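What follows is a single structure, written as structure tokens, with notes after it.
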Amino acid sequence: MLTFRNKLNHTDPETIRKIAASTGFFDKSDVEVNYTLAKNVAFNFDENHEFLLAEFDGNVVAYACFGELNDARDGTYEIFWLSTHNTFRGCGIGRTLINKLVEELRSRGAMRLYLKTDSKAQYAPTRNFYESCGFTKQAVLKGYYDDSDDCCIYAMDLKHSYDDSNAEYQEAAE
Ligand SMILES: CC(C)(COP(=O)(O)OP(=O)(O)OC[C@H]1O[C@@H](n2cnc3c(N)ncnc32)[C@H](O)[C@@H]1OP(=O)(O)O)[C@@H](O)C(=O)NCCC(=O)NCCS
């Protein structure tokens, strides 16, 4: 059974490190960033990041690290990191985790959810995943990660249930 929790215990950072490493998508320093963020959140040293964990039969198998952005309008959030353990990838856990996060953010009155991801081919399934979860591509920052790897910025409107591509039309109609 899949369950969710947002309070990190002291063993979660190590589990998060293992999940991040299992994906094969992140280099060593990225894996350490995930671990350190989780550790700081678990010990209440970090107010700018939060985690939502997905547990399958009591074991953490996926997580989202997210937070409210200080330099944007109120209610603007970003997903900073997202991973499903390699063994569980493609089982619907990531989508359920995103849905749960969206539900939580909507309950806080959040407006918009952003994320950044890579343009390189390895991330094509990830981009498809985000699009199938309801995110739309807003911008591309050329050469952000390296000369051949751009940063794709995606967003989801949390205030309305419609797709962002209709946002202009819908807002004009209100
Ligand atoms: C992206 C990620 C978090 C998605 O989590 P997940 O648990 O695998 O996602 P789901 O099983 O809910 O997949 C939802 C849909 O995306 C598709 N999908 C997700 N990852 C896929 C992959 N690697 N290859 C093919 N399809 C994939 C699924 O087939 C599914 O489609 P469907 O609902 O039409 O069948 C996970 O694949 C992952 O950890 N990837 C590596 C790290 C990464 O890219 N993180 C994001 C960095 S920005």
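The values are calculated or read from the model by the stated rules, or taken from the named source; none is laboratory data. Everything numeric in this text was worked out from a predicted model, so none of it was measured. Don't worry about glycine lacking a Cβ; one is built from the backbone with ideal geometry, like all the others, and counts go over all protein chains shown.
Go through (1) closer than 22 Å to His10 by Cα; (2) touching a strand residue (DSSP E or B) at 6+ places or on another chain (Cβ under 9 Å); (3) more than 14 Å from the ligand (Cβ to nearest atom); (4) among the hydrophobic types (A, V, I, L, M, F, W, C) and name the single condition Phe43 misses.
Against the list (1) closer than 22 Å to His10 by Cα; (2) touching a strand residue (DSSP E or B) at 6+ places or on another chain (Cβ under 9 Å); (3) more than 14 Å from the ligand (Cβ to nearest atom); (4) among the hydrophobic types (A, V, I, L, M, F, W, C), Phe43 comes up short only on (2).
Do we find a residue being crowded, with 17+ Cβ neighbours inside 10 Å, near the ligand (Cβ under 8 Å from one of its atoms), among the polar types (S, T, N, Q) and farther than 23 Å from Asn9 by Cβ anywhere in segment 111-122?
yes
Considering only segment 135-145, I want to know if a residue exists there that is farther than 21 Å from Asp74 by Cα, of a type in the set (Val, Ile, Thr) and surrounded by fewer than 16 Cβ atoms within 10 Å (Cβ to Cβ).
yes
Consider segment 61-93. How many of its residues are among the aliphatic types (A, V, I, L, M) and more than 8 Å from the ligand (Cβ to nearest atom)?
The number of residues fulfilling the criteria is 4.
Can you confirm whether Thr136 is within 12 Å of the ligand (Cβ to nearest atom) and touching a helix residue (DSSP H, G or I) at 6+ places or on another chain (Cβ under 6 Å)?
No, not satisfied.
Within segment 94-105, track down each residue that is out of contact with any Phe, Trp or Tyr (no Cβ under 7 Å at 6 or more places or on another chain) and either within 6 Å of the ligand (Cβ to nearest atom) or acidic (Asp, Glu) (or both).
Scanning segment 94-105 gives Arg95, Glu103, Glu104.
Yes/no matrix, rows are residues, columns are (1) modelled with pLDDT of 95 or more; (2) surrounded by fewer than 18 Cβ atoms within 10 Å (Cβ to Cβ); (3) within 23 Å of Leu158 (Cβ to Cβ); (4) among the acidic types (Asp, Glu):
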| site | (1), (2), (3), (4) |
| --- | --- |
| Ala42 | yes, no, no, no |
| Leu53 | yes, no, yes, no |
| Phe56 | yes, yes, no, no |
| Asp71 | yes, yes, yes, yes |
